[in-house]
């Protein structure tokens, strides 16, 4: 249940996303930092009616990866998963389309997901 974004500069792209959310350029997402780890939360009425989950970013050599994190003691429904992944993909395409070549969502949890 991760979003993977193929890019030549994953750290640079992450810093652009982080900055855009932090300064309010991207209004539908908020950023929280807990114990030095960033978490992104979709901040829309649609998400509020479905429950909560966050995305935790990570980088590899050629990918920016957003892994889903469920609330403690909670779960992530298939519908919430779809809404969150769709919204993050939309945000990336609308704001950073020239910064990456491919974006995709995994259908099932990966080792980096906490579900």
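Please treat every number below as a calculation from the coordinates, not as lab data. Computed from a predicted model, the values in this text were never measured in an experiment. A quick note on method: Cβ atoms are made from the backbone with ideal geometry, for glycine too, and the neighbour counts reach across all protein chains shown.
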Cut-off 10 angstrom, C-alpha nodes, Gaussian network model of the chain. Which of 44, 33, 52 fluctuates the most? 33
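Relative to the present Cα-Cα distance, how much length would full extension add between residue 23 and residue 94 at 0.36 nm per residue of separation? Can you show the working numbers first?
Working: separation 71, 0.36 × 71 = 25.56 nm, distance 1.66 nm.
Between residue 23 and residue 94, full extension yields 23.9 nm more.
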Gaussian network model of the chain, Cα springs within a sub-10 Å range: biggest mean-square fluctuation belongs to which of 95, 11, 35? 35
Mark the label point 7 Å from the Cα of residue 104 along Cα→Cβ and return the residues of the range 39-67 whose backbone N is within less than 17 Å of it. 60-67
Dividing the mean separation of Cα pairs under 8 Å (6+ apart) by the residue count of the chain yields a relative contact order in percent of 39 percent
With Cα coordinates, the longest principal axis of the chain makes an angle with the long axis of helix 78-96, in degrees rounded to 10, of 20 degrees
Per 5 Å bin, what percent of the C-alpha pairs of the range 2-105 does each bin hold, from zero upward? 2, 13, 24, 27, 20, 10, 3, 0
If one builds a Gaussian network model of the chain from Cα atoms under 10 Å apart, the most fluctuating residue listed among 103, 65, 37 is 37
